[in-house]
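Heads up, the thing below is written out as structure tokens.
The values are calculated or read from the model by the stated rules, or taken from the named source; none is laboratory data. The structure presented is a predicted model; accordingly, all values stated were derived computationally and were not measured. Positions of Cβ are backbone-derived with ideal geometry, glycine not excepted, and every protein chain shown enters the neighbour counts. Calculation scope for accessible area: heavy atoms of the full protein, side chains included, ligands and nucleic acids excluded. Shrake-Rupley method; radii C 1.70, N 1.55, O 1.52, S 1.80 Å.
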Amino acid sequence: GAGVSQSPRYKVAKRGQDVALRCDPISGHVSLFWYQQALGQGPEFLTYFQNEAQLDKSGLPSDRFFAERPEGSVSTLKIQRTQQEDSAVYLCASSLTPTGGGTEAFFGQGTRLTVV
Amino acid sequence: AQKVTQAQTEISVVEKEDVTLDCVYETRDTTYYLFWYKQPPSGELVFLIRRNSFDEQNEISGRYSWNFQKSTSSFNFTITASQVVDSAVYFCALRRYSGAGSYQLTFGKGTKLSVIP
């Protein structure tokens, strides 16, 4: 597609439920990122993929968070046993080149997760 | 450690006024990238500009201009003759030029701009 696509746009989960958030990056983009944006805050880095390899998962807040990109394109962020503090907008971004470089990341519209 | 500070939480201006959004950053790196993103109510982050730390030339793009001052670690963004469509949250961000974590953006908390007709 023309841009980064995320689904669902909105998700309400009961506390303790598992959720899966999907990201379709721009075709051909090597790098894929997940960020978490709490209400009124800037996005914070969660994890980074270069093709199918997860090179950095240092930002994942707990072992309840898991991300994968098995074929180097679509990525899924899974949150197990959701807690209220997981409520946030989850943003996916992709960029053309591998690490760093002079390219910008293109962001999707995000998935707003509300845990009740 | 890297840090970006956007001291202005919210700004309101009347349409056609000029407005400057402030950004101050901290980094131990000598070379790095700086970015501005716009986040309209629809939620996606829209890329506006990327600057290299070794290029201090100011840039103008239509009604937008950016003032990069390495000596004061600031990268301010000015909108001239603001319009209602400029209403959004604006984020300043920092990224390492190379090395560990050079793919990772560090964002400020954002400045919410409201342009009143």
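Just the number, please: buried accessible area between A and B, total of both chains, 1.4 angstrom probe, nearest 100 square angstrom.
Values: alone 6360 and 6530 Å², together 11150 Å².
About 1700 Å² of accessible surface is lost on pairing.
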So, with a 1.4 angstrom probe, what is the percent of accessible area on chain B that is carbon and sulfur?
-> 48
Size descriptor, Kirkwood hydrodynamic radius, that averages inverse alpha-carbon separations across chain B, Å | 14.4
If one builds a Gaussian network model of chain B from Cα atoms under 10 Å apart, the most fluctuating residue listed among B:PHE54, B:PHE77, B:PHE107 is B:PHE54
Nearby aspartates and glutamates by direct alpha-carbon distance to B:LYS3 (threshold 18 angstrom, same-chain neighbours under 8 apart not counted) | A:GLU44, B:ASP22, B:GLU26, B:ASP29
For the stretch A:53-116, build the charge dipole from Cβ charges (+1 Lys, Arg; -1 Asp, Glu) around the Cα centre, then report which of A:THR97, A:PHE107, A:GLN83 sits farthest towards its positive end.
-> A:GLN83
Place a point 7 Å from the Cα of B:VAL46 in the direction of its beta carbon; the residues of the stretch B:76-117 whose amide N falls under 12 Å from it are B:83-90
Tell me, which residues of the stretch B:74-113 get at least 20 Å² less accessible area when the other protein chains come in, versus the chain alone (1.4 Å probe)?
-> B:PHE91, B:ARG95, B:SER102, B:TYR103, B:GLN104, B:LEU105, B:PHE107, B:LYS109
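Enumerate by residue number the trypsin sites (Lys or Arg not before Pro) in the stretch B:1-109 meeting two conditions: DSSP loop (anything except H, G, I, E, B), and at most 13 other Cβ atoms within 10 Å of the site's Cβ. Walk me through the numbers before you get to the answer.
Working: sites: B:LYS3, B:LYS16, B:ARG28, B:LYS38, B:ARG50, B:ARG51, B:ARG63, B:LYS70, B:ARG95, B:ARG96, B:LYS109; in loops: B:LYS16, B:ARG28, B:ARG63, B:LYS109.
Of the trypsin sites (Lys or Arg not before Pro), the ones in loops of the stretch B:1-109 whose Cβ has at most 13 other Cβ atoms within 10 Å are B:LYS16, B:ARG28, B:ARG63.
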Quarter of Cα convex hull surface for the protein assembly as shown, i.e. mean projection, nm² = 12.6
Any lysines with Cα under 18 Å of the A:LYS11 Cα? List them, leaving off those in the same chain fewer than 8 positions away.
-> A:LYS78
Computed E for B:GLU26/B:VAL84 - FRET, C-beta separation, R0 22 angstrom, nearest 0.05 | 0.05
For the stretch A:50-107, treating each Cα as an identical point scatterer without solvent, what Debye log10 I(q)/I(0) comes out at q = 0.15, 0.28, 0.29 1/Å?
-> -0.53, -1.36, -1.39
